[in-house]
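The values are calculated or read from the model by the stated rules, or taken from the named source; none is laboratory data. All figures in this text were calculated on a predicted structure; none of them were measured in a lab. A quick note on method: Cβ atoms are made from the backbone with ideal geometry, for glycine too, and the neighbour counts reach across all protein chains shown. These area figures cover heavy atoms from the full protein model, side chains too; ligands, DNA and RNA do not enter into them. Shrake-Rupley method; radii C 1.70, N 1.55, O 1.52, S 1.80 Å.
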Amino acid sequence: MRSSDKPVIVFDGVCVLCNRWTSFIVRHDREGRFRLAAMQGVQGRAMLEAHGLDALSPRSFLLVQDGVGYQDTDAIVRVLRQLGGPWSIASGALRLTPRSLRDAIYRWIARHRYRLFGKRDVCYLPDPGQAWRFID
């Protein structure tokens with residue numbers, strides 16, 4: 001299940017919002033800290049299931065780092081902090097918000113993401129120069 005020692009972000013490959021988040025990570029993770037796996041892929045689905053998540057659930061955003069799975073806004077906070085620079089500040093600001101509130105907002109957006117942002121018929125295809133970051 002582990003394709004490398006780098007943290008892996010499992011995302012919804014057909015969700016427009018999730019694809020924007022993925023593009024944001026690729027653009028700002030210049031050091032290539034993170035690998036990415038669509039939940040529609042074999043390894044992405046296996047990672048979700050290994051951490052107790054259903055690949056069909058709206059709560060399917062997952063960061064797997066050092067064998068530990070982080071979900072919801074905890075995952076987002078960790079990713080932003082590791083991107084460094086101004087994103088560390090954004091991470092800190094997000095951490096100041098009570099987890100119950102930020103996770104409630106996250107879960108509402110996640111449940112309605114297709115209606116609010118759209119859905120693609122096929123999974124996100126990375127730029128050939130960035131394909132090494134993506135797992136299956």
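Asp66 contributes an accessible area of around 130 Å² to the protein surface, as traced by a 1.4 Å probe with all chains present.
For the chain, the dipole from Cβ point charges (+1 on Lys and Arg, -1 on Asp and Glu) about the Cα centre works out to 380 debye, to the nearest 20. Solvent-accessible surface (1.4 Å probe) assigned to Ser23 amounts to roughly 40 Å². Residues whose amide H falls under 5 Å from that of Lys119, counting only those 5 or more places apart or on a different chain, are Val16, with hydrogens built in the peptide plane.
Span-like helices, the chain: DSSP H, alpha-carbon axial extent 15 Å or more, mean Kyte-Doolittle 0.5 or greater, which ones? Span-like helices, by this rule, are 86-96.
For the chain, Cys123 stand unpaired, since no other cysteine beta carbon lies under 4.7 Å from theirs. The residues of region 1-109 have, on average, 49 Å² of accessible surface per residue, using a 1.4 Å probe with all protein chains present. Per-residue SASA remark: Leu94, around 50 Å² accessible (1.4 Å probe; ligands, DNA and RNA not included).
Rounded to the nearest whole angstrom, the semi-axes of the ellipsoid equivalent to region 1-81, taken from the Cα gyration tensor as √(5λ), stand at 17, 15, 12, largest first. Think of the chain as a dipole: +1 on every Lys or Arg Cβ, -1 on every Asp or Glu Cβ, centred on the Cα centre; then among Met47, Trp132, Ser91, Ser91 lies furthest on the positive end.
Mind pulling the per residue volume of the convex hull built on the Cα atoms of the chain? Å³ is fine. That works out to 105 Å³ per residue. Leaving out ligands, DNA and RNA, what percent of the accessible area of region 85-136 is carbon and sulfur, probe 1.4 Å? Carbon and sulfur atoms account for 63 percent of the accessible area of region 85-136.
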